[in-house]
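Mind having a look at this structure? Questions to follow.
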Amino acid sequence: MASFDHELAKKQSHDGVVAGTKAAGLAAIVTAIPTVAIARKLPWGRANLNYTAQALIISTVAGAAYFIVADKTILASARRNSFKNNEA
């Protein structure tokens with residue numbers, strides 16, 4: 001039983017990492033396009049958004065998306081499997 005739990009937890013973690021990575025990549029692209037456009041086109045953006053600020057905005061959104069999606073994926077999988085184990 002312990003070996004099965006360990007393998008199940010490992011699979012749940014891996015699924016969370018994969019889902020989080022996909023979400024982070026998508027969030028980075030979706031955030032980068034308007035951030036770079038604002039930094040190039042608007043006078044306020046040119047004055048206030050240097051390369052470091054742009055990278056900070058994009059990486060913060062990508063990191064947040066990673067952790068939120070990975071956490072939700074792992075918790076949903078654990079919840080699904082706990083119901084299966086309780087019914088048996």
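For the chain, modelled as a Gaussian network with Cα springs under 10 Å, which listed residue fluctuates most, 24, 62, 32?
32
Summarise the accessible area of the chain (1.4 Å probe, protein heavy atoms) by the percent that is carbon and sulfur. Working shown, then result.
Values: 4400 of 6390 Å².
Answer for the chain is 69 percent, counting heavy atoms of protein chains only.
Assuming a strict under-30 Å limit between Cα atoms, what lysine pair count do you get for the chain once near-sequence pairs (fewer than 8 apart, same chain) are dropped?
Pairs that pass both the separation and distance tests number 10.
Okay, next question. Using each residue's phi in segment 13-24, evaluate 6.51 cos²θ - 1.76 cosθ + 1.60 at θ = phi - 60° and report the 3J(HN,Hα) Karplus result to the nearest Hz, with x for Gly and Pro.
Residue by residue, segment 13-24 yields 5, 5, 4, x, 5, 5, 5, x, 5, 4, 5, 5 Hz.
Comparing 58, 33, 68, which has the greatest mean-square fluctuation in the GNM of the chain with Cα pairs linked when under 10 Å apart?
33
How large is the convex hull of the Cα atoms of the chain per residue, expressed in Å³ as a whole number?
Numbers: hull volume 7.2 nm³, N = 88.
Once divided by residue count, the hull of the chain is 82 Å³.
So which trypsin sites (Lys or Arg not before Pro) in segment 20-60 pass both tests, a DSSP loop state and at most 16 other Cβ atoms within 10 Å of the Cβ? Could you put the intermediate results ahead of the total?
Working: sites: 22, 40, 41, 46; in loops: none.
Sites meeting the loop and neighbour criteria: none at all.
Can you give the accessible area per residue of the chain, in Å², using a 1.4 Å probe?
Numbers: 6390 Å² over 88 residues.
The answer is 73 Å² per residue.
Just want to confirm a number: the relative contact order over segment 21-76, from Cα pairs under 8 angstrom separated by 6+ residues, in percent.
Values: 39 pairs, mean separation 28.1, N = 56.
Computed value for segment 21-76: 50 percent relative contact order.
Now for a separate question. If you take the beta carbon distance between residue 36 and residue 75 as r and set R0 to 35 Å, what does 1/(1 + (r/R0)^6) give as a FRET efficiency, to the nearest 0.05?
Working: r = 34 Å, r/R0 = 0.97.
With a Förster radius of 35 Å, E is 0.55.
Taking 0.36 nm per residue of separation and subtracting the Cα-Cα distance, what length does fully extending residue 44 through residue 59 add? Write down the numbers at each step before the final one.
Working: separation 15, 0.36 × 15 = 5.40 nm, distance 2.10 nm.
Between residue 44 and residue 59, full extension yields 3.3 nm more.
The values are calculated or read from the model by the stated rules, or taken from the named source; none is laboratory data. Quick caveat, the model's predicted, so the values are computed rather than measured. Methodologically, a virtual Cβ is constructed for each residue, glycine included, from the backbone with ideal geometry; neighbour enumeration extends over all protein chains shown. Surface areas here come from the heavy atoms of the whole protein model, side chains and all, with no ligands, DNA or RNA. Shrake-Rupley method; radii C 1.70, N 1.55, O 1.52, S 1.80 Å.
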